[in-house]
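*Asks:* Below: one structure in structure tokens.
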Amino acid sequence: MKQALILAKRAAAHDDVPIGAVIVQNGKIIARGENQVQLKKNPTLHAEIVAINRACKKLGTKFLDNCDIYVSLEPCAMCATAISFARINNIYFAATDEKGGGITSNARIYETDKHLWKPAVYQISEFADESAQLLRDFFVLRRKK
């Protein structure tokens, strides 16, 4: 999770919402991603999507069923669906997202029986405050601009 938070700070440095994600296989990080929506002018380039694309390319596969993802913020519905499609085993996230969260806070997409793959979901609350503070600071600064 510490690596995801480092990536979140990197996203903020290029004016993207500070969210980072890492994909782990057998205890080793195989892919990293930070939000690149502003950087690349593409609304789909959330940290999770960037990390999934990099992991699939590295492994030469479309499924990551022997991998876990660590994200600094609860994934949105788009990212939660992509995680399901990629067949990632476990999602670990730091802070909840009351407005845009797709798993526990808002859309709750895994609560339907329609998903073919449901990853296990865990919040690592010891990092929640740090992640939430990064987001608060980012938006305070953005409003000042």
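The values are calculated or read from the model by the stated rules, or taken from the named source; none is laboratory data. What you see is a predicted model, and the numbers here were worked out from it, not measured in a lab. In this analysis, Cβ positions are derived from the backbone assuming ideal geometry, glycine residues included, and neighbour counts consider all displayed protein chains. SASA here: full protein model, heavy atoms, side chains in, ligands and nucleic acids out. Shrake-Rupley method; radii C 1.70, N 1.55, O 1.52, S 1.80 Å.
*Asks:* Identify, from the list A47, A82, A8, the residue that is under 13 Å from the mean Cα position of the chain (by Cα) and within 21 Å of L116 (Cα to Cα).
*Replies:* A82
*Asks:* Here's something else I'd like to know. Give S84, S72 a once-over and let me know the one that is part of a helix (DSSP H, G or I) and polar (S, T, N, Q).
*Replies:* Among S84, S72, only S84 is part of a helix (DSSP H, G or I) and polar (S, T, N, Q).
*Asks:* Which pairs do you get when a residue that is touching a residue at least 60 places away in the same chain (Cβ under 8 Å) and closer than 15 Å to A55 by Cβ, found in segment 27-42, comes within reach of a residue that is surrounded by fewer than 20 Cβ atoms within 10 Å (Cβ to Cβ) and polar (S, T, N, Q), reach meaning Cβ atoms under 7 angstrom, with the pair 6+ apart or on two chains?
*Replies:* none
*Asks:* Right, next: Given the options A82, A107, name the one that is in contact with a Cys (Cβ under 8 Å, 6 or more places away or on another chain) and within 24 Å of N42 (Cα to Cα). Don't jump to the end; show me each part of the working.
*Replies:* Numbers: A82 fails: in contact with a Cys (Cβ under 8 Å, 6 or more places away or on another chain).
Just one listed residue meets the conditions, A107.
*Asks:* Further, regarding this structure: Check I6 against each of (1) out of contact with any Lys or Arg (no Cβ under 7 Å at 6 or more places or on another chain); (2) open to solvent by less than 70 Å² (accessible area, probe 1.4 Å) and name the one condition it does not meet.
*Replies:* (2)
*Asks:* Could you grab me the full set of residues in segment 9-42 that are crowded, with 24+ Cβ neighbours inside 10 Å, of a type in the set (V, I, T) and not in a strand (DSSP E or B)?
*Replies:* If the condition is that a residue be crowded, with 24+ Cβ neighbours inside 10 Å, of a type in the set (V, I, T) and not in a strand (DSSP E or B), then I19 is the only one that fits.
*Asks:* Select, from L64, L45, the only residue that is open to solvent by less than 70 Å² (accessible area, probe 1.4 Å), part of a loop (DSSP other than H, G, I, E, B), at pLDDT 95 or above and within 20 Å of A11 (Cβ to Cβ).
*Replies:* L45
*Asks:* If a residue must be part of a loop (DSSP other than H, G, I, E, B), closer than 25 Å to A12 by Cβ, at pLDDT below 95 and among the aliphatic types (A, V, I, L, M), how many such residues does segment 113-145 contain?
*Replies:* So the count comes out to 0.
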